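The values are calculated or read from the model by the stated rules, or taken from the named source; none is laboratory data. Worth saying up front: this structure is predicted, and the values here are computed from it rather than measured. We place every Cβ from the backbone using ideal geometry, glycine too, and count neighbours over all the protein chains shown.
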Amino acid sequence: MQIVIADNHFLLLPQKAIFWKEQEALILSDLHLGKVMHFRKAGIALPQGALNDELNCLSQLIDKYHPRQMIIVGDMFHSAHNAEVSIFDIWRSQFKRPDILLIKGNHDIMPARFYKEMDIEVEETLVIDGFAFSHECRDDIGEFCFSGHLHPGVRINGAGKQSIKLPCFHFTSTSCTLPAFGKFTGLAMVKPLHQDKIFIILENEVIRLRTK
């Protein structure tokens, strides 16, 4: 699914990421690397292979789109340094490209030296060719803003009172909130306005949901 904003072309991907053609940039949010380990330490049984699945997905996106840069709009890491961060560091060493730009989120609390050692550039906000990137969009940015943080989703109701919750991309006239790339992050149900655009994510495709 492609959407055009100010003559720029953005591919909305079912892997819960966006490819920005003009900048050859992969945009994603809320990986929360380390969250699985955090849950497991708390005694919550989650599959150990979850991190590998997410890194394999990133590898496939890099191999397919050959991005020059990867823009992560916050919460790349769930909290403090743990074994999953070390696994990511090993994965990162396989790729000279893309450059990784992290827009600092509320969970990105590791010391600056860790990001530097992993060759990750950290910014509070970022503006590229009139497009802003922030973990949470703010009115003072004054640009079309890509953000994360909220983990947007929608509830689709079917026959017989059946329903399903699905992650989505939520567009307003001035912003796009990306779905969480990471697993086990939960969903915040979106209540779109009539003029908003909602793109729901199915297993292998992204489709637009018609708002009322």
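One residue stands out in region 74-99 among those that are in a helix (DSSP H, G or I) and of a type in the set (D, E, K, R): the one that is modelled with the lowest pLDDT, namely Glu84. Could you tell me whether region 178-200 includes any residue that is surrounded by 11 or more Cβ atoms within 10 Å (Cβ to Cβ), over 19 Å from the mean Cα position of the chain (by Cα), not hydrophobic (A, V, I, L, M, F, W, C) and not in a strand (DSSP E or B)? The answer is yes, given that some residue of region 178-200 is surrounded by 11 or more Cβ atoms within 10 Å (Cβ to Cβ), over 19 Å from the mean Cα position of the chain (by Cα), not hydrophobic (A, V, I, L, M, F, W, C) and not in a strand (DSSP E or B). Is it true that His32 is modelled with pLDDT under 75, under 17 Å from the mean Cα position of the chain (by Cα), under 21 Å from Asp119 (Cα atoms) and not small (Gly, Ala, Ser)? Criteria not met by His32.
Looking at region 1-28, which of its residues are of a type in the set (Lys, Arg) and either buried (at least 22 other Cβ atoms within 10 Å of the Cβ) or closer than 13 Å to Phe181 by Cβ (or both)? The one that is of a type in the set (Lys, Arg) and either buried (at least 22 other Cβ atoms within 10 Å of the Cβ) or closer than 13 Å to Phe181 by Cβ (or both): Lys16. Considered as a group, the residues in region 42-66 that are in a helix (DSSP H, G or I) and among the polar types (S, T, N, Q) include one that is modelled with the lowest pLDDT, and that residue is Asn52. Only residues that are farther than 23 Å from Asp53 by Cβ and without any contact (Cβ under 8 Å) to a residue 60 or more places away in the chain were counted across region 177-212, and they come to 14. Considering every residue within region 157-172, establish whether at least one is modelled with pLDDT of 90 or more and not in a strand (DSSP E or B). Among the residues of region 157-172, at least one is modelled with pLDDT of 90 or more and not in a strand (DSSP E or B), which makes the answer yes. One residue stands out among those in region 151-165 that are crowded, with 19+ Cβ neighbours inside 10 Å and without any contact (Cβ under 8 Å) to a residue 60 or more places away in the chain: the one that is nearest to Ile128 (Cα to Cα), which is Pro152. For region 129-156, taking the residues that are in a strand (DSSP E or B) and either of a type in the set (S, T, N, Q) or farther than 23 Å from Phe77 by Cβ (or both), the one that is farthest from the chain's Cα centre (by Cα) is identified as Ile156.
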